[in-house]
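Asks: Encoded as structure tokens, here's the structure I'll be asking about.
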Amino acid sequence: MAELKTVEIVSGLMDVKQVARYLNIRESTVYKMTMLKEIPHHHIGTKLLRFMQENIDKWLSEGANNGKNH
């Protein structure tokens, strides 16, 4: 059985590494999903990506494949 990973989230914001751990996927997959606008995310400046846990949870509950919002 796979071990559940815990992710420390501050202020409801997550970075790419935290989202990857939260979803149990690779960081490269998170980057790809943001490029394709498949996962809700926010750009801070030109390089930083942040994800709101609330939006990720909602996206997951809605089926994850219908999301294309950011």
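The values are calculated or read from the model by the stated rules, or taken from the named source; none is laboratory data. Worth saying up front: this structure is predicted, and the values here are computed from it rather than measured. Cβ coordinates were reconstructed from backbone atoms using ideal geometry, including for glycine residues, and neighbour counts include every protein chain displayed. Note: areas computed on protein heavy atoms with side chains; ligands, DNA, RNA excluded. Shrake-Rupley method; radii C 1.70, N 1.55, O 1.52, S 1.80 Å.
Asks: Taking the criterion of being at pLDDT 95 or above, of a type in the set (A, V, I, L, M) and assigned to a loop (DSSP other than H, G, I, E, B), would at least one residue in segment 14-30 satisfy it?
Replies: The answer is yes, given that some residue of segment 14-30 is at pLDDT 95 or above, of a type in the set (A, V, I, L, M) and assigned to a loop (DSSP other than H, G, I, E, B).
Asks: Where the second residue is aromatic (Phe, Trp, Tyr) and part of a strand (DSSP E or B) and the first is within 16 Å of Gln18 (Cβ to Cβ) and lies in segment 32-49, which pairs have Cβ atoms under 6 Å and are six or more apart or on separate chains?
Replies: His41/Phe51
Asks: When the residues of segment 26-61 are narrowed to those that are hydrophobic (A, V, I, L, M, F, W, C), loosely packed, with under 13 Cβ neighbours inside 10 Å and under 17 Å from Leu13 (Cβ atoms), which ends up farthest from the chain's Cα centre (by Cα)?
Replies: So the residue we want is Ile44.
Asks: Something else now. Give the residue that is modelled with the highest pLDDT, with candidates limited to residues of segment 2-13 that are of a type outside the set (A, V, I, L, M) and open to solvent by 100 Å² or more (accessible area, probe 1.4 Å).
Replies: If we take residues in segment 2-13 being of a type outside the set (A, V, I, L, M) and open to solvent by 100 Å² or more (accessible area, probe 1.4 Å), then Ser11 is modelled with the highest pLDDT.
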